[in-house]
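Visitor: The structure follows.
The values are calculated or read from the model by the stated rules, or taken from the named source; none is laboratory data. Note that this is a predicted model, so its numbers are computed, not measured. For neighbour counting, all protein chains shown are included, and Cβ atoms are generated from backbone atoms with ideal geometry for every residue, glycine included. The protein model used for the area step is the full one, side chains on, heavy atoms only, and it has no ligands, DNA or RNA in it. Shrake-Rupley method; radii C 1.70, N 1.55, O 1.52, S 1.80 Å.
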Amino acid sequence: MPLLLPQALWVKRTALRLPDAAPPWRGLVASPGSVAGITEPLRLLILGESTVAGVGVADQTMALSGQLAQHWSAQRQRPVEWVACGRNGARARDCLRDLLPEVAGQYWDMVVIVLGVNDTTHLTGRSRWRREIRALLASFSACSQQLVLTAVPPLAHFHALPQPLRGWFGLRSGLLDQDLRAEAETAGAAHIAFDLPMQSRYLAEDGYHPSAQGYQLWARGIVRQLPMTVK
């Protein structure tokens, strides 16, 4: 710990900080096989941390939310109406307290929750993490057909982080992902593995967030892993 703390402070002080993706943070992806005004669009909500805020790319159509909507629309041959509700630096507690009220009272065909990096780096306790994830899942249980939790990214492969800090965060992110998988199973939600090679071409300038190509590949992997219960 005496070695990790100075490293963590150094990373916080020197890390390149990229802005959120530009609005709009909602949109409609039309499906070529659908008839406008006749085929009801699927409603997609993406909730979570900086990758939901689109950090690393210019606008939300290039980010995880826009790409996920496009790939899901193509897979289901249905239009998709999507909403991104994210915040750079958000932890699960921030989603419960600040982001959840923004989308309360609406129905969604699919809710995708993207969390874990900031809870890892801010050393959120595992019992608290599980409790907050459980509360998020419960809040959507009556207003969503399908709940999806994306795996906590493996921080052990984030080469922008120095060693041994990277290894320590890698261990913690793995433990939080185990908890995430357990909560998903209990709630009947889908747990989607992180399917993005941590190579420079898939990363933004900061070496931490995905690039446009990275978001596209990540979104494609999520849709490929979706259970068939998501209609």
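Visitor: Given that compact globular proteins tend to follow 2.2 N^0.38 Å, what is the ratio of the alpha-carbon Rg of the stretch 70-152 to that value?
Guide: 1.16
Visitor: A follow-up question, please. State in Å² the accessible area per residue of the chain; use a 1.4 Å probe, count heavy atoms of protein chains only, and round to the nearest integer.
Guide: Here the residues of the chain average 46 Å² of exposed surface.
Visitor: Using Cα pairs closer than 8 Å and at least 6 residues apart in sequence, work out the relative contact order for the chain, in percent.
Guide: It comes to 22 percent, rounded to a whole number.
Visitor: Top to bottom by accessible area (1.4 Å), largest first, where do Cys143, Cys95 land?
Guide: Cys143, Cys95
Visitor: Could you work out the mean projected area of the convex hull around the alpha carbons of the chain, in square nanometres to one decimal?
Guide: Averaged projected area of the chain's Cα convex hull equals 12.1 nm².
Visitor: Same structure, new question: Taking the Cα-to-Cβ direction at Asp59 and at Arg26 and moving 7 Å from each Cα, how far apart do the two end points lie in nm?
Guide: 1.8
Visitor: Rounded to the nearest percent, how much of the accessible area of the chain (1.4 Å probe, protein heavy atoms only) is carbon and sulfur?
Guide: 57
Visitor: So for the chain: antiparallel DSSP bridges make up what percent, rounded to the nearest 5?
Guide: 20
Visitor: Taking the Cα centre of the stretch 99-231 as origin, work out the dipole magnitude from +1 charges on Lys and Arg Cβ and -1 charges on Asp and Glu Cβ, in debye rounded to 20.
Guide: 240
Visitor: Between 0 and 90 degrees, rounded to the nearest ten: what's the tilt of helix 165-187 against the longest Cα principal axis of the chain?
Guide: It works out to around 40 degrees.
Visitor: Express the relative contact order of the stretch 21-115 as a whole percentage, based on alpha carbon pairs under 8 Å and six or more residues apart in sequence.
Guide: 42
Visitor: If you don't mind, another one. Helix 212-225: angle to the longest alpha-carbon principal axis of the chain, degrees 0 to 90, nearest 10?
Guide: Approximately 70 degrees, to the nearest ten.
Visitor: Using Cα atoms only, what is the angle between the long axis of helix 126-140 and the major principal axis of the chain, expressed in degrees (0 to 90) to the nearest 10?
Guide: Helix 126-140 sits at roughly 10 degrees to that axis.
Visitor: Calculate, in whole percent, how much of the Cα-Cα pair population of the stretch 142-231 lies beyond 20 Å.
Guide: Tail fraction, whole percent: 44.
Visitor: Using a 10 angstrom cutoff on alpha carbons, build the Gaussian network for the chain and name the most mobile of Ala53, Ala69, Ala190.
Guide: Looking only at Ala53, Ala69, Ala190, the largest GNM fluctuation is found for Ala190.
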